[in-house]
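Working notes, structure below.
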Amino acid sequence: MPNRRFADGEVVMGRWPGSVLYYEVQVTSYNDVSHLYTVKYKDGTELELKESDIRSQSSFKHRKSQSSSSSPSRRSTSRSRSRSPGRPAKGRRRSSPQSREHKDDKKKTIQETNLALLKLSENNTRRYNGEPDSTEKNDASCIILEQKSKPDLEIERVLEQYSLRPRKEEKKKEEIYSEKKIFETIKTTEKAASKTKELEFGGRIGTFMLIFFLPATVFYLLLMCKQDDPSLMNFPPPLPALESLWEARVFGIFLLWFFLQALLYLLPVGKVVEGLPLSDGRKLQYRINGFYAFVLTAAAIGTLLYFQFELHYIYDHFMQFAVSAAAFSMVLSIYLYIRSLKSPEEELAPGGNSGYFVYDFFTGHELNPRIGSFDLKYFCELRPGLIGWVVINLAMLLAEMKIHNQSMPSLSMILVNSFQLLYVADALWNEEAILTTMDITHDGFGFMLAFGDLVWVPFVYSLQAYYLVGHPTAISWPVAAAITILNCIGYYIFRSANSQKNNFRRNPADPKLAYLKFIPTATGKGLLVTGWWGFVRHPNYLGDIIMALAWSLPCGFNHILPYFYVIYFICLLVHREARDEHHCKQKYGLAWERYCQRVPYRIFPYIY
């Protein structure tokens, strides 16, 4: 196996594909199989180059200076430019007979050409005056009209024939042609580079299976929670009749909920902020009014309860609501993929542009699908599913009180509702922070996010509350206090870590952040090595997992089903962490390796 010549992080000169131009690049990685270097240009473009297309900066500069100093034509040109025409040159060499003959021939050619130009000029003058010359006495009127429209045509021909155009003009034409060629090469290369090469989730086969596996998982969990003994040994649970899974009224209520949240999203309240720059430099605008929508929704729910509306209707038809949400998310995903086929290349998602139908349908083909100013992905990310999660939890609390004839909800149900209400309120209060997440900046809007936002979040995240309705669990006040402290610790880590990151991204020079140390990167951003980000690489994920555990503990230890959320959350965050590691390594290169040496633990300190 040949030894690699250039190290990661080394700044070298890389040849742009399809041209002879070299640009300054930084080596980010090396593939031992293909023997290709991944390099990063100053504009952020990453390409794979052969070793023969890379030069060290020292050899490139030496070669350039040597060629420029050894060129006799450039030396003579520079001397002639620096010397005034009227001043005699010192020590001028005597010209050889061959050079004198060459000069005589050149003068003769110029004189002949001047005579030809003079003759053409005379003929043109005669033509303008309506006087045909001796060679053009026939069809004089036609010649006059032709020469009035193109008077310099023959002069142009002579100039082309004798190559008498100024050298500056020729060089300018060559430069314009070269720039056009390079621009076309760059466009072709960028179009090829924008294709998704690394497929996640098992590629085409894996994403095809997930389209069916994810809905089946949701329905399995809900069916198990309805069993008297939700043990894994009772698999599979009895399946309900197909006609009982669908009800038009339930689907209508779901549509009413979805469009109510869309109406609240369009209200002209809250500030308007810009997202991160897109690939074409544009910045989309987003209205931050999620918390206002949450408050207005709470007021609407309170009004319904005041007029004796039975909110536990959601519990009685929970499976039908899940089926309605799944059907709607599938229809929405099909619409999103069809409209993405007409989207320009720069509006497609970096992670969902593989060219494979199933993979792009699942991960999302278009990055920011919008209907006017209505951003579909941003709306679904926080509104109908996240706020619906809180409404479902409240419905479960009321259903528990009705089924068990309680005047007050159980302590376990109160803890689950309170912890998850805090989490949702925090997400909506800090809505602007979601604009920097990979869901918004990298992932397209397809089946994965549509199903996740509209089905998985409200119907799986509320699993603990749904479980407690049919399987009440009594806990003591000391246990409740300990679980509350655990949730507060997780929330504190989660919120303080995210605040450190967001504040540092907005204004690294803020005096309040002077205590934070960071490693500078080639992109101009810094990697924090103090605070929570110097403790583990993803402290926000650590806080998430601690909170997920606190949400499940009120359900007791009789069954593992309520802890599915914790297991799922750990798997999800480990996957996201691996994806973040790969993305950061490509983006930051050598600086990320230094950061990993400085902060060795990823999520769990001293463990992982």
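The values are calculated or read from the model by the stated rules, or taken from the named source; none is laboratory data. These figures come from a predicted structure and were not determined experimentally. A quick note on method: Cβ atoms are made from the backbone with ideal geometry, for glycine too, and the neighbour counts reach across all protein chains shown. For accessibility, only protein heavy atoms count, side chains too; no ligands or nucleic acids. Shrake-Rupley method; radii C 1.70, N 1.55, O 1.52, S 1.80 Å.
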Fill in: Flag for residue 387 being open to solvent by less than 20 Å² (accessible area, probe 1.4 Å), touching a residue at least 40 places away in the same chain (Cβ under 8 Å) and either more than 26 Å from residue 212 (Cβ to Cβ) or in contact with a Cys (Cβ under 7 Å, 6 or more places away or on another chain) (or both)
yes
Worksheet item: Is it fair to say residue 381 is open to solvent by 10 Å² or more (accessible area, probe 1.4 Å), modelled with pLDDT of 90 or more and acidic (Asp, Glu)?
Response: yes
Worksheet entry | Candidate set: the stretch 337-372, residues that are open to solvent by 30 Å² or more (accessible area, probe 1.4 Å) and small (Gly, Ala, Ser); chosen: the one nearest to the chain's Cα centre (by Cα) | 355
Discussion item. Given the options 254, 328, name the one that is touching a Ser or Thr at 6+ places or on another chain (Cβ under 8 Å), open to solvent by less than 60 Å² (accessible area, probe 1.4 Å) and in the same structural domain as residue 435 (by the TED database).
Written reply: 254
Fill in: Output for the stretch 28-42, where each listed residue is among the β-branched types (Val, Ile, Thr), without any contact (Cβ under 8 Å) to a residue 60 or more places away in the chain and surrounded by 11 or more Cβ atoms within 10 Å (Cβ to Cβ)
39
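Yes or no, residue by residue, for (1) hydrophobic (A, V, I, L, M, F, W, C); (2) outside any loop (DSSP other than H, G, I, E, B):
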{"site": "548", "(1), (2)": "yes, yes"}
{"site": "554", "(1), (2)": "no, yes"}
{"site": "559", "(1), (2)": "no, no"}
{"site": "564", "(1), (2)": "yes, yes"}
{"site": "569", "(1), (2)": "yes, yes"}
{"site": "572", "(1), (2)": "yes, yes"}
{"site": "579", "(1), (2)": "no, yes"}
{"site": "592", "(1), (2)": "yes, yes"}
{"site": "600", "(1), (2)": "no, no"}
Response to the item:
Within the stretch 513-544, the residues that are at pLDDT 80 or above and part of a helix (DSSP H, G or I) are 531, 532, 533, 534, 539, 540, 541, 542, 543, 544
Worksheet item: List the pairs whose first member sits in the stretch 461-482 and is under 13 Å from residue 403 (Cβ atoms), whose second member is of a type in the set (Lys, Arg), and whose Cβ atoms are under 8 Å apart, counting only residues at least 6 apart or on separate chains?
Response: 470/226
Worksheet item: So which residues in the stretch 43-73 are open to solvent by 70 Å² or more (accessible area, probe 1.4 Å) and modelled with pLDDT of 80 or more?
Response: 48, 50, 52, 55
Worksheet entry | Positions within the stretch 391-426 being over 15 Å from residue 548 (Cα atoms) and open to solvent by 30 Å² or more (accessible area, probe 1.4 Å), in sequence order | 394, 398, 401, 402, 403, 404, 405, 406, 407, 408, 411, 414
Discussion item. Given the condition in contact with a strand residue (DSSP E or B) (Cβ under 8 Å, 6 or more places away or on another chain), in a helix (DSSP H, G or I) and closer than 10 Å to residue 446 by Cα, answer yes or no: does some residue in the stretch 321-336 qualify?
Written reply: yes
Practice prompt. Could you tell me whether residue 263 is modelled with pLDDT under 95, in a helix (DSSP H, G or I) and assigned by the TED database to the domain that holds residue 426?
Written response: no
Worksheet item: Is it fair to say residue 19 is surrounded by 12 or more Cβ atoms within 10 Å (Cβ to Cβ), of a type outside the set (A, V, I, L, M, F, W, C) and part of a loop (DSSP other than H, G, I, E, B)?
Response: yes
Response to the item:
If we keep only residues of the stretch 273-296 that are more than 10 Å from residue 432 (Cα to Cα) and small (Gly, Ala, Ser), then the residue farthest from the chain's Cα centre (by Cα) is 293
Worksheet, complete the sentence: The condition of being closer than 25 Å to residue 605 by Cβ, surrounded by fewer than 17 Cβ atoms within 10 Å (Cβ to Cβ), outside the structural domain of residue 405 (by the TED database) and not β-branched (Val, Ile, Thr) holds, among 572, 516, only for 572
Worksheet item: So residue 375 clears everything in (1) farther than 19 Å from residue 450 by Cα; (2) under 17 Å from the mean Cα position of the chain (by Cα); (3) crowded, with 21+ Cβ neighbours inside 10 Å; (4) not hydrophobic (A, V, I, L, M, F, W, C) except one condition, right? Which one?
Response: (1)
